[in-house]
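The next block holds one structure in the form of structure tokens; read it before the comments.
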Amino acid sequence: MSEKVKFTLEYEIRSSSKILYNYISQPNGLSEWFADDVKVKDQIFTFIWDDGEEQKAKMLSFKENKAVKFHWVDDEPYTYFELEIVKDELTNDVALVITDFALSENLKDRQMIWNVQIESLLNVIGA
């Protein structure tokens, strides 16, 4: 069995940290760009897509207006995906840094999926 590798992507986002945080941490925000519907119960987020696919992720941690970390319930135990808001103190530019894991043979596909997801996020927030 192949081991997953950790990777990081960074996207410039023209938004305030507070607004962006709602889109990455709240079910109603996530349902606007990440999945078609999102439900949450006891820190377990259920992501539902129009094709009927469902995935559950546990919110492992969060830092208000800074970051959220999730673990797919049916994934390997030490993997997660994290969405972190980084603000440059000098320029006030905001970036979204994504940390995720993928099998090396699926790495390019996973990065492409994130690119599409972030493009959707940018459209939703008008950035």
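The values are calculated or read from the model by the stated rules, or taken from the named source; none is laboratory data. If you're wondering where the values come from, they're calculated on a predicted model, not measured in any experiment. Neighbour counts are summed over all protein chains in view; Cβ atoms, including those assigned to glycine, are modelled from backbone coordinates with ideal geometry.
When only residues in the range 20-47 that are of a type in the set (Gly, Ala, Ser) and closer than 18 Å to Ser61 by Cα count, which is nearest to the chain's Cα centre (by Cα)?
Within the range 20-47, the subset of a type in the set (Gly, Ala, Ser) is 25, 29, 31, 35.
After this cut, where a residue has to be closer than 18 Å to Ser61 by Cα as well, the list is 25, 29.
Values: Ser25: 9, Gly29: 11 Å.
Per the stated criteria, the residue is Ser25.
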Can you name every residue in the range 44-71 that is aromatic (Phe, Trp, Tyr) and modelled with pLDDT under 95?
Trp49
Identify, from the list Gln26, Gln111, Gln43, Gln55, the residue that is on the phi > 0 side of the Ramachandran plot and touching a strand residue (DSSP E or B) at 6+ places or on another chain (Cβ under 9 Å).
Gln43
Of all residues making up the range 1-27, the number that are polar (S, T, N, Q), touching a Leu at 6+ places or on another chain (Cβ under 7 Å) and surrounded by 11 or more Cβ atoms within 10 Å (Cβ to Cβ):
0
